[in-house]
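These notes are about the structure you will find just below.
The values are calculated or read from the model by the stated rules, or taken from the named source; none is laboratory data. Note that the structure is predicted; figures quoted are calculated from it, not measured. Neighbour counts are summed over all protein chains in view; Cβ atoms, including those assigned to glycine, are modelled from backbone coordinates with ideal geometry. Remember, those area values only see protein heavy atoms, side chains included, never the ligands or the DNA or RNA. Shrake-Rupley method; radii C 1.70, N 1.55, O 1.52, S 1.80 Å.
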Amino acid sequence: MKDKISNDLSYIKAGYQSDKWKWVLSLSQNSVLPAASDVGPATSVPLSSDTLSSTAEKQDEQESRINEACSYSEDMQKSDSIKPSSPSKQFTVEEVTRENLLKVYGLDKVPKVLPCPKKCHNSPWCLAELLNGSRKEKARPTDQPRVTGQPVGLQNTANTCWINSALQALYQLPRFRNAINSVDGFIGEENLSSMVYLLQAMFVDMDTHANRAIACSPGSVFERLALFATQEIMGKDADHEVLKCVSEFLENTIDTLIADPRLEPELSQLFSVSLMRIARWHCPNCETDHENQLSPATSYTVAAYVSAEECPLDQCLVDLQSGTQTGVSLVCGSDSHGQGGCGAQVKVDRIVTPKIQTLPTVLVIRNNSLMDRDLKRRLHVVYPETLDLTSHTLNHVPATYTLSSVIFHHGRWVKHFSAHVKTIEKKWFNFNDEQVSEVTSRPTSGNPPENHRNYFSAANVANKYKHRPGLRVSRGAFIWVYVRANVNEVDPPIVPPPETVVEYVLCKQEESVTVNHQLQAKVKKERKELLTKLCVTDTSEKFCLISEPLLSAWYNCDEIKYVPQSSLLTYSLCEHKLFSPRKVHMLKCLRAENVSLLSSDECGIHLPESISKLNLPLTLSIENGCCKECTAKAVNHILFIERIKNLHKEAKRDARRDHEGATQTIGSETLEYWPRLALSAYVKDNGLDTEEEELEGCGDSSKVKSDESDKVEGEGSKLSRPQHVNGDHCEEKMETVTSSSCDITSCVPENDNVNGCDNQTKDISAGKVCDSVVGKEDKDSSKEAGETKDIDSSKVKDSKELTKELLLFNEDLVCQHNLQTPNATMYKIAAALAAEIMELCGSSIHPAIYQEDFSSCPECLAQLEESKRACGSGLQQKKQLANLFKEVKRPHPVRDLGKKVFLVSRDFISDWKSYIRSCERGEAQSPAINALDNSSLLCPHDSLLFPVYGMQPHELTEHMLLAWEDEWEVLKQLYPPSHAIEGAFQDSGILLTTPGVCEAGCVEDRAAQEYEDQFTYECELIHVRQVNSVNDIPRRVVQSRTPLGTSSALNNENLGPRKKPRLASKANAGAAGGERGSLSTSHRLVRASRYFSSTDTIREVQNLIAERTGIWPMLQTLWLNGEGQVGLPGLSIKDGDEAAPTQLTDEHRALTLNSLRVRPGDTIYFRAAVEDMELAAGDGVVEFNEMDEDW
């Protein structure tokens, strides 16, 4: 906190650059400021070399005075007698000298050679950045002739990259183009309000355009289509505005076109996907299995979600995966819910399996995982060039699709789209707006470039698929477009568009040629010659200042006559319509004698009449253009900051001294943070803008700076460049992938807190996610999670304290009753020093301190005394009942036979302990509990709800605590009991109580309810453990229901940490479950944990395993080994047997953890071998060692 307040007391923090305002510090160290008669007012004498040399000498003199003042200040700090600093003299406008203005506006540092040949964008004397930049400019693709056999690109303007990518994908679909071209009725420009005719004209333009890229010029077909598409895109949200629009554009375009009766028959068959949903469920009453068909669902896109690294695309199609609907109320035997049955209404979990009923010609797949808000890192997805969906069809109709195009999303922050599209000539091209290049598959040493078929993938992952031509991999693929392959049909020929559309487009192309290349070259040449004449070549000649954004926008304009916007003229001006000293980095010097050419030349700057009426200057001289008022105001602001800094040091030193005279009380927080109040009051009173200004290189909004290595020099300054979104140069730099992300044997993931419950459970804090790894198997996972949670909560608490703001002076001394709080930390400082500080704080002073009777608050003092008494009482209770608090030396059924004991509710014990702990912290106000409530142990018949006669001591402690007779007497005096439950252990070790255990069925009902409740949970820890064989899984004796005398805590997975099971030998590995005889090349078995909800399915557990191992869910083998699986359909577990672990099949993947009777803390065992992954990848050949630790 001290560092933070010291940073606030700096003029650099307020936005003043050190190299331009350092001279002001000499004024703050001197008691007498320069007089106006000594320096004189600003004159109109031109700048000369003598003036510059004298300026340098005076600057050296001021720096020496600063050093002397600093040494004097150090001597004063060592002195014991510290006096409050006297108010500084105000720096007036008349005292601003020409030398001061030269320093503030950066004109005192003249390059050695003029005109400056270097690119010094920090220097107002240098114009080489504009002149030299023109030589590096290349012709734009919109001005270059089209390459034969290469598709045309589309210009990106106003974030239209998503339209460009979608248009390129649609243009290369022959059946779609034929459907669009078959529509007649185009008359002229009035038809361009329809999407059909816009696409007709756009496709003709893309087919006949003469340049490499189509420019989005005003009035063009492309601009009309972009405006129409932007207005039609609906449902955009703030977080994923650009990301969702490409998929919504495709869907809305298809919707709009199908709504046209002329296109509905053909396009509906082209894109429509109809899914028949088959529901299967089991009636628990009559044990009847039902199957029926639900209403079909129709859409134009299929959703995919990538949840595992390098997962195949067909395994990610969530719309084609089975799902479980929990708690559905159905009638067994009704016509709508299945034929035959008992006719009872039951609540069951039913499995819904979607099947493709109508196959589309064009299949559009959307990657929803990229739109996930909780996405921590992107996962690679493997997508084939030939996709087989036969297994997902209703009657196993052959469904083979070939890849037509892929649309990529470039990063989370850049938000840019590009596409790989296969043309009608069966060639693949990369479309990145204007840039078009052919896709290659050449091996690369680093990450694949954008024209590589495995674009947007890590280098090591791309190399795994370099020799597999039928597979592609990427982690940025957002849209896949597949076309159904029919061996009996060939692609139809392209139907020519109507002649009226072709004539209109050709006419528009002629009109769009508004820039003559020869004229453009002539304009560039003339402007370069004019800018060369404007360069200052000698410091002895007169010069003037101009806004750099304005000059840059003029020089880079392609039009002959440049008319600027008013914002470019006002950007560098202050409220007095002069150049602001806070924006000096946006100024350039021009030769005064040639400035008239800038407004009179045909290629110069022409101010319109509307701007001329505003009296906004184009150029200003240093005598008339530099604002002295703003400079003086800034100087006083810096002087005030230095004065506050010195007063703050004096006040803190004075608070540690003994005082003999008048003193003033000040709070500890006020002593530390009062400078903020003073600075805020000064800024408010003087109307200052303390926001940090944009620095050099940021104000030029008319040009794109491609040199990312340029840095802005200046102490304490921050570079604030505008974010580039969907611009011409939005090439994304590939994310660096660490080696651990590709080592599929590693048990430590790249990000342990990725998607807490795979986005299927409730969001939980990162502190709750616990991953158990090899080498830490003996630690309790829940304990680790608790410790992490405590650490995170402490950090949150600290952050809240750090963000606490002091709003009023001495606010920390005032209680809620506007009196002095009795437990506040306070200091004494000299009254004169306190008066000066309070004067600087202005109105930000708590009014309560001005009261004549401002003394310690009696109510708060009474509360404090009450808290002390409560804390004393709590500590006394802990001393009297020490064994009860620690829960030691409790009655035992063997050694304490016949002794009288009393039952105390666990709820009361928990509340009582919380009260004792608050007393230990000194935070207790009064006892939190007034009575000893034992009602939770009794049923409505006033009998015990728990079968205590059959419960072990550790089972009793979950619901109650046994207290000795003397402890009960103490508790009874402190907290009157609601019910007294007395008991004693008999010779057989049975605990008999008065009242006894209920015999009216309440005990059985409670046990049954507790048993069912353990399978309903939110965000509970479930473990997964990798084994080499089913023989490695420990056997369990299962029971269908927890006995009345046994708590649910006796779950075989909640017994605490167990030893690691002995691994099966290589000889026995092949005999287990039909698995192969060879073990994995890695002996490091994965153990992980994650928080799940009972409504999650086994598929979410498989996704977790896939994250930790890299093995696809389809290649995982899972076993359940617990008592909850008794009687479930398809699971052969009998009550009381030492059953072998039950292997889960594909039918169980859609079942929820509740329906599979998986409880919190249970372990799901799995086998996931790398050998299976290698065989499933294609040829079974290991190209390199995937287990290499160097990855």
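Residues in the stretch 533-591 that are open to solvent by less than 40 Å² (accessible area, probe 1.4 Å) and of a type in the set (Gly, Ala, Ser): 547, 552, 553, 572, 580. When residues in the stretch 275-291 are screened for being open to solvent by 20 Å² or more (accessible area, probe 1.4 Å) and either of a type in the set (Ser, Thr, Tyr) or within 14 Å of residue 328 (Cβ to Cβ) (or both), 5 of them pass.
Candidates in the stretch 897-915 are the residues that are open to solvent by 40 Å² or more (accessible area, probe 1.4 Å) and not acidic (Asp, Glu); of these, the one that is nearest to residue 947 (Cα to Cα) is 906. Based on this model, can you work out whether residue 555 counts as closer than 29 Å to residue 214 by Cα and hydroxyl-bearing (Ser, Thr, Tyr)? Yes; evaluated as a whole, the condition is true for this residue.
Across the stretch 243-261, the qualifying residues are those that are among the charged types (D, E, K, R) and in a helix (DSSP H, G or I), and the one among them that is modelled with the lowest pLDDT is 244.
Against the condition open to solvent by 80 Å² or more (accessible area, probe 1.4 Å), of a type in the set (A, V, I, L, M, F, W, C) and either assigned to a loop (DSSP other than H, G, I, E, B) or out of contact with any Ser or Thr (no Cβ under 8 Å at 6 or more places or on another chain) (or both), how does residue 894 come out, does it pass? For residue 894, the condition - open to solvent by 80 Å² or more (accessible area, probe 1.4 Å), of a type in the set (A, V, I, L, M, F, W, C) and either assigned to a loop (DSSP other than H, G, I, E, B) or out of contact with any Ser or Thr (no Cβ under 8 Å at 6 or more places or on another chain) (or both) - is met.
Table: residues versus (1) among the acidic types (Asp, Glu); (2) under 22 Å from residue 131 (Cα atoms); (3) at pLDDT 85 or above; (4) not in a loop (DSSP other than H, G, I, E, B).
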residue	(1), (2), (3), (4)
514	no, no, no, no
526	yes, yes, yes, yes
529	yes, yes, yes, yes
554	no, yes, yes, yes
557	no, yes, no, no
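Just the residues that are touching a Gly at 6+ places or on another chain (Cβ under 7 Å) and open to solvent by less than 10 Å² (accessible area, probe 1.4 Å), please, taken from the stretch 592-604. Break it down stepwise before answering.
First, the residues of the stretch 592-604 that are touching a Gly at 6+ places or on another chain (Cβ under 7 Å): 597-598.
Of everything in the stretch 592-604, just one residue is touching a Gly at 6+ places or on another chain (Cβ under 7 Å) and open to solvent by less than 10 Å² (accessible area, probe 1.4 Å), namely 598.
Taking the criterion of being without any contact (Cβ under 8 Å) to a residue 60 or more places away in the chain and surrounded by fewer than 17 Cβ atoms within 10 Å (Cβ to Cβ), the residues of the stretch 917-926 that qualify are 917, 920, 921, 922, 923. Can you spot a residue in the stretch 463-480 that is part of a strand (DSSP E or B), open to solvent by 30 Å² or more (accessible area, probe 1.4 Å) and either touching a Lys or Arg at 6+ places or on another chain (Cβ under 8 Å) or of a type in the set (Ser, Thr, Tyr) (or both)? No, there is no match, as no residue in the stretch 463-480 is part of a strand (DSSP E or B), open to solvent by 30 Å² or more (accessible area, probe 1.4 Å) and either touching a Lys or Arg at 6+ places or on another chain (Cβ under 8 Å) or of a type in the set (Ser, Thr, Tyr) (or both).
The one condition from (1) assigned to a helix (DSSP H, G or I); (2) open to solvent by less than 10 Å² (accessible area, probe 1.4 Å); (3) more than 18 Å from residue 511 (Cα to Cα) that residue 170 does not meet is (2).
Taken together, 939, 998, 1002 contain a single residue that is at pLDDT 90 or above and within 26 Å of residue 1157 (Cα to Cα), which is 1002. Among the residues of the stretch 836-850, those identified as open to solvent by less than 70 Å² (accessible area, probe 1.4 Å) and not in a strand (DSSP E or B) are 836, 837, 838, 840, 841, 842, 844, 846, 848, 849.
Does the stretch 426-449 contain any residue that is open to solvent by 60 Å² or more (accessible area, probe 1.4 Å), out of contact with any Leu (no Cβ under 7 Å at 6 or more places or on another chain) and either part of a helix (DSSP H, G or I) or hydrophobic (A, V, I, L, M, F, W, C) (or both)? No; the residues of the stretch 426-449 include none that is open to solvent by 60 Å² or more (accessible area, probe 1.4 Å), out of contact with any Leu (no Cβ under 7 Å at 6 or more places or on another chain) and either part of a helix (DSSP H, G or I) or hydrophobic (A, V, I, L, M, F, W, C) (or both).
Tell me the residue from 603, 557 that is over 20 Å from residue 123 (Cβ atoms), in contact with an Asp or Glu (Cβ under 9 Å, 6 or more places away or on another chain) and not aromatic (Phe, Trp, Tyr), please. The conditions single out 603.
Yes/no per residue for (1) in contact (Cβ under 8 Å) with a residue 12 or more places away in the chain; (2) closer than 22 Å to residue 11 by Cβ; (3) over 38 Å from the mean Cα position of the chain (by Cα):
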| site | (1), (2), (3) |
| --- | --- |
| 548 | yes, no, no |
| 565 | no, no, no |
| 574 | yes, yes, no |
| 591 | yes, no, yes |
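Pick from the stretch 123-132 the residues that are touching a residue at least 60 places away in the same chain (Cβ under 8 Å) and either in contact with a helix residue (DSSP H, G or I) (Cβ under 7 Å, 6 or more places away or on another chain) or not in a loop (DSSP other than H, G, I, E, B) (or both): which of them is surrounded by the fewest Cβ atoms within 10 Å (Cβ to Cβ)? Checked the stretch 123-132; the qualifying residue surrounded by the fewest Cβ atoms within 10 Å (Cβ to Cβ) is 131.
Tell me, which residue of the stretch 1030-1041 that is open to solvent by less than 40 Å² (accessible area, probe 1.4 Å) and modelled with pLDDT of 85 or more is farthest from residue 1119 (Cα to Cα)?
The qualifying residue farthest from residue 1119 (Cα to Cα) is 1032.
Residue selection: residue 928 fails the criterion of being modelled with pLDDT of 90 or more, assigned to a loop (DSSP other than H, G, I, E, B) and among the small types (Gly, Ala, Ser). Scanning the stretch 148-167 for residues that are in contact with a Pro (Cβ under 9 Å, 6 or more places away or on another chain) and open to solvent by 10 Å² or more (accessible area, probe 1.4 Å) yields a count of 1. Here's a check for you: in the stretch 346-373, which residue that is under 12 Å from residue 304 (Cβ atoms) and in contact with a strand residue (DSSP E or B) (Cβ under 7 Å, 6 or more places away or on another chain) is modelled with the lowest pLDDT? Checked the stretch 346-373; the qualifying residue modelled with the lowest pLDDT is 370.
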